[in-house]
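So the structure is just underneath, and the comments pick up after that.
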Amino acid sequence: MPRRHYGRWLATALILLAIGSIVRAFALGQIEWSVVAQFLTAPAILFGLVNTIIMAIAAMALGITLGVLFAVMVMSPNPVLHYSAKGYIWFFRGTPLILQLLLWFNLALVFPTLGIPGLFEFRTVDVITPFMATLLGLGINQGAYTAEVVRAGILSVDQGQTEAAQSIGMARPTIMRRIVLPQAMRVIIPPVGNEFISMVKLTSLASVIQFSEILRNAQTIYFANGRVIELLIVAAIWYISVVSVMSFGQHFLERRFSRGQANRGRGQ
């Protein structure tokens with residue numbers, strides 16, 4: 001007699017019931033789907049979408065650069081570099097991101113001007129625009145998390161390879177660039193890909209400092225026409241679309257690096 005999985009049937013029924021209830025609520029709710037379709041490609045929404053993508057890429061590039069740099073510093077035998085990197089990671093992982101964005105946006109209250117006195121100086125309010133404050137806030141915060149990811153990837157590489165490279169006279173930066181980091185990418189890519197996806201969604205926090213991303217522009221529109229839920233659905237559709245494309249790209253990169261690792265294993 002085959003086993004009857006009553007628990008699975010019950011779980012399936014409950015899940016289908018929940019999905020049906022949600023679909024029914026959206027179908028019968030006071031939602032003007034024609035408004036959703038109208039604003040899905042509105043110029044203000046598309047402008048916010050472009051800003052979101054550009055900011056996510058720029059902030060992630062800054063975060064990866066800082067992450068690699070501070071991961072190497074944390075693992076350095078130099079105590080000054082080691083503890084400086086530790087302090088950076090401790091501070092930016094220990095404070096809320098929205099607080100960091102507000103601090104960068106209001107930097108002029110602490111430093112009215114930026115530059116070298118006597119050579120060149122700029123007013124801070126002219127330099128730290130909403131775009132720049134968002135880039136610094138997101139990128140520097142991301143660097144603290146990426147540093148730990150990169151450090152874990154570096155530690156996953158067998159120490160014997162570093163010792164072998166040192167035995168033939170390779171310098172530490174060269175070993176890191178040509179031996180360790182290429183192999184560590186197999187471990188680094190999946191969590192960094194997840195962080196990249198999170199970065200797209202974290203750009204929505206920049207709406208509090210007037211950066212024109214998707215959510216900010218959607219709010220501006222629904223403050224004017226009162227179609228709150230419709231504009232929020234528009235923003236959600238675009239966020240899900242961008243994240244889906246990025247998830248596919250992450251899957252492709254993971255397969256590529258896994259294949260490369262397998263080929264090196266067969267070559268050995």
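The values are calculated or read from the model by the stated rules, or taken from the named source; none is laboratory data. A quick note: this is a predicted structure, and the numbers were derived from the prediction, not measured. Please note: Cβ atoms are built from the backbone with ideal geometry, for glycine as well, and neighbour counts cover all protein chains shown. The protein model used for the area step is the full one, side chains on, heavy atoms only, and it has no ligands, DNA or RNA in it. Shrake-Rupley method; radii C 1.70, N 1.55, O 1.52, S 1.80 Å.
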Practice task
Test Gln261 against the criterion of being modelled with pLDDT under 85 and open to solvent by 50 Å² or more (accessible area, probe 1.4 Å), and give yes or no.
Solution key: yes
Problem - Residue that is modelled with the lowest pLDDT, among those in the range 151-167 that are in a loop (DSSP other than H, G, I, E, B) and open to solvent by 50 Å² or more (accessible area, probe 1.4 Å) - result: Asp158
Problem - Filter result (in contact (Cβ under 8 Å) with a residue 12 or more places away in the chain, part of a helix (DSSP H, G or I) and open to solvent by less than 70 Å² (accessible area, probe 1.4 Å)) within the range 32-52 - result: Val35, Val36, Phe39, Leu40, Ala44, Ile45, Gly48, Leu49, Asn51, Thr52
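Could you tell me which of the residues Val192, Val200 is within 23 Å of Phe47 (Cα to Cα), open to solvent by less than 80 Å² (accessible area, probe 1.4 Å), among the aliphatic types (A, V, I, L, M) and part of a helix (DSSP H, G or I)? Lay out the reasoning, then the answer.
Working: Val192 fails: within 23 Å of Phe47 (Cα to Cα).
The match here is Val200.
Yes/no per residue for (1) in a loop (DSSP other than H, G, I, E, B); (2) small (Gly, Ala, Ser); (3) within 23 Å of Phe70 (Cβ to Cβ):
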| residue | (1), (2), (3) |
| --- | --- |
| Leu99 | no, no, yes |
| Trp104 | no, no, yes |
| Glu121 | no, no, no |
| Ala133 | no, yes, yes |
| Ile140 | no, no, yes |
| Ala144 | no, yes, yes |
| Val149 | no, no, yes |
Exercise for the section: Six or more apart or on different chains, Cβ under 9 Å: which pairs go from a residue in the range 242-255 that's more than 11 Å from Phe196 (Cα to Cα) to one that's of a type in the set (D, E, K, R) and open to solvent by 100 Å² or more (accessible area, probe 1.4 Å)? Could you list them? Expected result: Glu254/Arg186
Practice task
Please identify the pairs in which a residue from the range 221-238 that is outside any helix (DSSP H, G or I) has its Cβ atom under 8 Å from the Cβ atom of a residue that is open to solvent by less than 60 Å² (accessible area, probe 1.4 Å), counting only partners at least 6 apart or on another chain.
Solution key: Arg227/Val35; Arg227/Phe39; Arg227/Ile221
Exercise for the section: Could you grab the pairs with beta carbons closer than 7 Å, sequence gap of 6+ or different chains, first residue in the range 7-31 and within 23 Å of Ile233 (Cβ to Cβ), second one open to solvent by less than 90 Å² (accessible area, probe 1.4 Å) and in a helix (DSSP H, G or I)? Expected result: Ile31/Ile229; Ile31/Glu230
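Within the range 65-80, can you find the residues that are open to solvent by 70 Å² or more (accessible area, probe 1.4 Å) and assigned to a helix (DSSP H, G or I)? Step through it out loud before you land on a result.
First, pick out the residues of the range 65-80 that are open to solvent by 70 Å² or more (accessible area, probe 1.4 Å): 65, 69, 77, 79-80.
Matches in the range 65-80: Thr65, Leu69, Pro79, Val80.
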Completion exercise
(1) assigned to a helix (DSSP H, G or I); (2) within 30 Å of Glu230 (Cα to Cα); (3) open to solvent by less than 90 Å² (accessible area, probe 1.4 Å) all hold for Phe26 apart from (3)
